[in-house]
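Colleague: Take a look at this one; I'll ask things after.
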Amino acid sequence: MNLFRNPLLHLAVLVLIVPFCHAGEEHPPRLTLQAPERAVKGFPLLLRISGDGKQVMPDLSMFEEIGEVAVILKPEGGDDPREYRIESTRGQDRVLQTPDGEQVDGARMFRTVVPKGQRRAMLLDLSSLRPEIGKGLTLAEVPPGKYRMQIEYRHTSARSEPVALELLAASNKEDAFLKQSLVEAETGLRRRWPWLLRQRRSIPAPGANGLSEVAMQQLQFHLLVSKATAAPKATEALFEQLRVMPVPEYLEAERQVLLFDVALAAKLDGASEARKQELEKTYPELKWRLDQIRDSGASFLRFAKYATEGNPGEK
């Protein structure tokens, strides 16, 4: 069911083709990325990156501030030579040691293999992607304006075709909302959106805060995940609240998987094996998430207390 369709939210689709194969791969990796063309700085800017197997892909998550990708922004017009490169190398340029004592190249810890015949879609919040301290830019440092954006998979240095992205400055009311949402009252530290989700922090309701429609749309999926993970337990009432919350159309597949996740935790009739198979058929690029739910009990709900400690059920 598509509960959200708004012509103001345009989608940019990028296709990334790597010009050579790695050992053991049967064809050049191909990545597709979806993102809104307009975004207010400071608010979540979710990138949906998908690829088909058999290939190595960056292992990305909306719950993390790191990923083996870089985003390159060039001002439109052609006369401006500047180029803004946003990437995170944290933990990827060193040798790490596993709990078993094995030494592993750090960059390999941020990759995943997509099996042959399967497709995998992942989410990454560009607004939260951050480098080692003092070693690069964040999106917050890129000035408002119109850009041509490219995505680079750093493992191969391949870039996508450029697409348009317009960055908008936050209004005074939007800036106040960001401070209310991200600045930790106890310490005064300004946190990032993934941190809020991992800590099960509720995002303030934006209805009366004077946010623009663009900013509201950027928040929608985070509001959905936040409400699901911050709840003390999974219940039918929570499921019904989440079911009517809108998200941008390009994230509808993820919304359906999250609803299945909640329904399974709440032991609702709709969380059947038949429903899982239906979702796998409709959204094959999210089969890995559905398998994750089956194997570990959670995907989008991985940080929900009832997912990690067991759901007390509805009383």
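Colleague: Which of the residues spanning segment 94-139 are modelled with pLDDT under 65 and not in a strand (DSSP E or B)?
Modeller: If the condition is that a residue be modelled with pLDDT under 65 and not in a strand (DSSP E or B), then R94, T98, P99, G106, A107, R108, M109 are the ones that fit.
Colleague: Considering segment 235-249 alone, what residues qualify as being buried (at least 18 other Cβ atoms within 10 Å of the Cβ) and either in contact (Cβ under 8 Å) with a residue 24 or more places away in the chain or touching a strand residue (DSSP E or B) at 6+ places or on another chain (Cβ under 8 Å) (or both)? Give the derivation first.
Modeller: Of segment 235-249, the ones buried (at least 18 other Cβ atoms within 10 Å of the Cβ) are 235, 238-239, 242, 246-248.
T235, L238, F239, P246, V247, P248 - these are the residues of segment 235-249 that are buried (at least 18 other Cβ atoms within 10 Å of the Cβ) and either in contact (Cβ under 8 Å) with a residue 24 or more places away in the chain or touching a strand residue (DSSP E or B) at 6+ places or on another chain (Cβ under 8 Å) (or both).
Colleague: Select, from P162, P144, P131, P204, the only residue that is in the same structural domain as D79 (by TED's automatic domain parsing) and surrounded by fewer than 17 Cβ atoms within 10 Å (Cβ to Cβ). Don't jump to the end; show me each part of the working.
Modeller: Working: P162 fails: surrounded by fewer than 17 Cβ atoms within 10 Å (Cβ to Cβ); P131 fails: surrounded by fewer than 17 Cβ atoms within 10 Å (Cβ to Cβ); P204 fails: in the same structural domain as D79 (by TED's automatic domain parsing).
Being in the same structural domain as D79 (by TED's automatic domain parsing) and surrounded by fewer than 17 Cβ atoms within 10 Å (Cβ to Cβ) holds for just one of P162, P144, P131, P204, which is P144.
Colleague: Also, quick follow-up: Could you tell me how many of the residues in segment 171-187 are without any contact (Cβ under 8 Å) to a residue 40 or more places away in the chain and either among the basic types (K, R) or not in a helix (DSSP H, G or I) (or both)?
Modeller: So the answer is 7.
Colleague: Can you list the strands (runs of 3 or more DSSP E) lying wholly within segment 1-82 that have 2 or more residues being modelled with pLDDT under 70 and touching a Leu at 6+ places or on another chain (Cβ under 8 Å)?
Modeller: Values: elements: 11-17, 30-36, 38-40, 46-52, 55-58, 69-75.
Once the strands (runs of 3 or more DSSP E) in segment 1-82 are filtered for at least 2 residues that are modelled with pLDDT under 70 and touching a Leu at 6+ places or on another chain (Cβ under 8 Å), what remains is 11-17.
Colleague: Identify all residues within segment 286-303 that are touching a residue at least 40 places away in the same chain (Cβ under 8 Å) and either of a type in the set (D, E, K, R) or touching an Asp or Glu at 6+ places or on another chain (Cβ under 6 Å) (or both); write none if there are none. Don't jump to the end; show me each part of the working.
Modeller: Of the residues in segment 286-303, the ones touching a residue at least 40 places away in the same chain (Cβ under 8 Å) are 286-288, 299-303.
Matches in segment 286-303: K287, S299, F300, L301, R302.
Colleague: Would you confirm, using the coordinates I've provided, whether L189 is farther than 28 Å from S171 by Cβ and either among the aliphatic types (A, V, I, L, M) or touching a Gly at 6+ places or on another chain (Cβ under 7 Å) (or both)?
Modeller: Numbers: farther than 28 Å from S171 by Cβ: no; either among the aliphatic types (A, V, I, L, M) or touching a Gly at 6+ places or on another chain (Cβ under 7 Å) (or both): yes.
No: the conditions fail for L189.
The values are calculated or read from the model by the stated rules, or taken from the named source; none is laboratory data. Not measured: the values here are computed from a predicted model. Counting neighbours? That spans all protein chains shown, and the Cβs are built from the backbone with ideal geometry, glycine included.
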